[in-house]
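A.B. asks: Submitted below is the structure of interest, expressed as structure tokens.
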Amino acid sequence: MENNWVRVFRTTRPLQAELIKGMLNENDIEAVLLNKQASAFQVGDIELYVGPDDAEDAMALIQSSQYEDTDNEE
């Protein structure tokens, strides 16, 4: 993954991450999932990244879809 990709979403729920990725792809926004979970225990995060030119549109779509980012620190 290139260094300039922007994280737009983080969750611990794989299905939620896949749904959001699909929504972004349907809106012509290329999205990449980075699964940082330990598979045996499902501990850790799944992060969703988009290119810098799409970050603002992606975040707006995510907010309008009523999904909440579990990353409350940013």
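A.B. asks: So which residues in region 60-74 are modelled with pLDDT of 65 or more and open to solvent by 80 Å² or more (accessible area, probe 1.4 Å)?
C.D. replies: Once the filter is applied, which keeps residues that are modelled with pLDDT of 65 or more and open to solvent by 80 Å² or more (accessible area, probe 1.4 Å), region 60-74 yields Q63, S64, Q66.
A.B. asks: Search region 43-54 for residues that are within 11 Å of I29 (Cα to Cα) and pair each with any residue that is open to solvent by 40 Å² or more (accessible area, probe 1.4 Å) and of a type in the set (D, E) when their beta-carbon atoms are under 8 Å apart and the residues are at least 6 apart or on different chains.
C.D. replies: Taking only residues 6 or more apart or on different chains, the pairs are V50/E30; G51/E30; D54/E30.
A.B. asks: Take region 20-36 and flag every residue that is modelled with pLDDT under 95 and either open to solvent by 80 Å² or more (accessible area, probe 1.4 Å) or of a type in the set (D, E) (or both).
C.D. replies: N35, K36
The values are calculated or read from the model by the stated rules, or taken from the named source; none is laboratory data. Remember, it's a predicted structure, so these values are computed and weren't measured experimentally. All Cβ positions, even for glycine, are placed from backbone atoms using ideal geometry, and neighbour counts span all protein chains on display. Protein only, heavy atoms only, side chains kept; ligands, DNA and RNA dropped before computing areas. Shrake-Rupley method; radii C 1.70, N 1.55, O 1.52, S 1.80 Å.
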